[in-house]
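Read-outs throughout are calculated quantities, based only on the coordinates presented, and are distinct from any laboratory measurement. Remember, it's a predicted structure, so these values are computed and weren't measured experimentally. Here Cβ is always computed from backbone atoms with ideal geometry, including for glycine, and neighbour counts include all displayed protein chains.
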Amino acid sequence: MSLSVKYLGLDLKNPIIIGSSGLTNSVEKIINLEKFGAGAVVLKSLFEEQILMEMGEIENQDYNDYPEAHDYARYYTKEKSTSDYLNLLERAKESVKIPVIASINCVDSKEWSSFAKKIESSGADALEINVSMLPSDIKTSSIDNEKKYFDIISEVRKNIKIPIALKMSSYSAGLAQLIQKLSWTKNTDAFVLFNRYYSPDIDLDKMKIVSSNILSSPAEIAVSLRWIALLSNKIKLPLIASTGIHDSEGVIKQILAGAQAVQIVSTVYKNGNQYIGEIITGLENWMNKNNYSSLADFRGLLSYDKAKDAASFERIQFMKYYSKIN
């Protein structure tokens, strides 16, 4: 039996990728993840918004007497963030054998083209571009929102040769066509579906906005599972499933839908690094039970084009089920 998989031109011993998070923000943690069976890791993202916010705080300080100090402070803030990240990348590559994928979280195409080159030079096996986009501005059209994806991957691709994965949002009026058009650009080598965003809630006692559901639940697998199944035989690039994958059953479902591999985070936070091994064992046991010798043997068997009840992936109303409830 083989659990190996090819992703971004890289050989992974299994399809379990640890997604960008606090789990991958130090060399020691990454070494431990490899020890417990991870097939690859995505470094914790360097957030453009974080750097810009820190630079914005500098803008608010009084440098009237020393304008050159203002310029230096802005430069230092950006360089410190990026140099720390590159140092983590270099040391991680020296310390583990599994692929190490760098990650940048973008809001536009201005800041990252040159930094992507530094990431490549520091030894990253690939780069995941995480484009976080909530289309909440009523003045911005859907076309303008989605153009950001094209602008960002185009600018980054000009500067690097290593493979690029685009981690994107499910917010789109024409998601299937958007992903297809992005695949045609040849500026990305895979898609990670999808971003999981911060969830706001309201504390009624304190009358303030608070965060909720920091970690995902198994129920959240439904969104990526639907779109992986709908697109896996239509998009020629690999699709990586993300969010809501908490056990071996979640991994199996995503591969049956057509995923090349999966990213997990919340389940490792909840159950510890050793749970990676339990997921792998569960996958192996299921494959043995069903006489599969490789992931390719069952990948996409229940995708939209192959499943007998494929229309269920496009169903958006519950009437069929509600009618049976008294």
(request) Rounded to the nearest 0.05, what FRET efficiency do ALA176 and ASP205 give with R0 = 56 Å and r taken as the Cβ-Cβ distance? Could you check? (result) 0.85
(request) Could you check the simple spin-label distance between ASN25 and GLN274, using points 7 Å along Cα→Cβ, in nm with one decimal? (result) 2.5 nm
(message) My understanding is that a pair violates if its Cα-Cα distance is over 23 Å; which of LYS6/LYS161; LYS13/LYS44; LYS6/LYS93; LYS6/LYS167; LYS13/LYS289; LYS117/LYS234 do that in this structure?
(response) LYS117/LYS234
(request) Note the full-extension length gain between ILE143 and SER294 as 0.36 nm times their separation in residues minus their Cα-Cα distance, in nm to one decimal. (result) 50.3 nm
(message) Once you place label points 7 Å from the Cα toward the Cβ at LEU134 and LYS306, how far apart are they in nm?
(response) 3.8 nm
(request) Which order do the peptides 17-25, 199-207 take when ranked by the mean count of other beta-carbon atoms within 10 Å per residue, highest first? (result) 17-25, 199-207
